[in-house]
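See below for the structure under consideration.
The values are calculated or read from the model by the stated rules, or taken from the named source; none is laboratory data. Just so it is clear, the model here is predicted, and its values are computed rather than measured. Cβ coordinates were reconstructed from backbone atoms using ideal geometry, including for glycine residues, and neighbour counts include every protein chain displayed. Ligands, DNA and RNA are excluded from the accessible area calculation, which covers all protein heavy atoms including side chains. Shrake-Rupley method; radii C 1.70, N 1.55, O 1.52, S 1.80 Å.
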Amino acid sequence: MAQFEQSHSSVPDIASVIERMRAFRSAWPPVDGAEDGVEVFNRVYLTVTETVRQQIDDGAFPDRRAAAALDVRFAERYLSAVDAAAAGHPPPDCWRPLFQYRHHPGVRPLQFALAGINAHIGHDLPLAVVDACRTLGCAPPALEDEFDRVGDLLVMLEERIREDLMPGPDLLELADPLTHLLGSWSLERAREAAWSAALVLWRLRDVPLLAEEFRKRMDAGAGLVGRCLLTPHR
């Protein structure tokens, strides 16, 4: 089945998604003292998902079912990539660099985190919007508020990631390639592109061949950016 085509009739509980991501923490221990790059992203994404669930419980999203559907469908795309890699199958192009470089000693934790976010937003998020619309029986504009709220959380989290994982000023000088590499990628621009892509995919939903071709191009583009973000520095 093409990766664009997924059918869902119900929305699993966010708690089940969180439980799976928490289990990964023990499944992916450091190797030779170096963190597993996929676990670096998983830790970041787990924080986002836990925050979304808390905000849904607190009533921050007017339409709780829509917010849960988008959040779960979004997470399922990442979990599917993990399952594919674990089974020895190639994950989508957007995720492949992260799984290939996950133990590379020359890639810094911040690069792993941003490469995962790039894959998840650049490819998975537009597909998740379409998945959620199919689940809820609505069109993308009905989910725009939920999309924006989740996007705002991601932006805030990215800022914290950069603060927590960015090497200190004594290790990162202006001439350091990482300075220029990380300055070339913007979550805000990726988020805007993801929404536009979701609208295109929705328009193409009755033309599966064109929809799948568009998805493949989107996947390949996100994969190329991911490889750049994971450029080793030693």
Q. How much length, in nm to one decimal, is gained on full extension between residue 188 and residue 159, taken as 0.36 nm per residue of separation minus their Cα-Cα distance?
A. 9.3 nm
(Q) Taking the Cα centre as origin and putting +1 on Lys and Arg beta-carbons and -1 on Asp and Glu beta-carbons, what dipole magnitude results for the chain, to the nearest 20 debye? (A) 540
**Q.** Dipole of segment 6-161, positive end: most advanced residue of 16, 74, 38 [Cβ charges, Cα centre]
**A.** 38
Q: Could you give the DSSP H helices of the chain that reach 27 angstrom or more along their long axis (alpha carbon positions) and whose average Kyte-Doolittle hydropathy is no lower than -1.0?
A: 37-57, 64-86, 144-165, 208-229
Q: May I ask you to derive the FRET efficiency for residue 210 and residue 80 from their Cβ-Cβ distance with R0 = 30 Å, giving the value to the nearest 0.05?
A: 0.85
Q: For every helix of n ≥ 4 consecutive DSSP H residues, a contribution of -39,500 (n - 2.57) applies; sum these over the chain, divide by its total residues, and give [θ] at 222 nm rounded to the nearest 500 deg cm²/dmol.
A: -21500 deg cm²/dmol
Q. What shape does segment 70-116 have by the C-alpha gyration tensor, where a ≥ b ≥ c are the square roots of the eigenvalues, rounded means a/c under 1.5, and otherwise prolate means a/b greater than b/c and oblate the rest?
A. oblate
Q: Sort 140-147, 14-21 for me by packing, meaning the mean count of neighbouring Cβ atoms within 10 Å per residue, highest on top.
A: 140-147, 14-21
Q.
Per 0.36 nm of contour for each residue apart, how much would the distance between residue 50 and residue 65 grow if the chain were fully extended, relative to their Cα-Cα spacing?
A. 3.8 nm
**Q.** Portion, in percent, of the accessible area of the chain that falls on carbon or sulfur, probe 1.4 Å
**A.** 53
Q. With the other protein chains left in place, how much accessible area per residue, in square angstrom, belongs to segment 1-140 at a 1.4 angstrom probe?
A. 39
**Q.** Å² per residue, accessible surface of segment 185-234 at 1.4 Å
**A.** 58
Q. Going by a ≥ b ≥ c, the root eigenvalues of the Cα gyration tensor, does segment 52-168 fall in the rounded group (a/c under 1.5), the prolate group (a/b larger than b/c) or the oblate group?
A. oblate
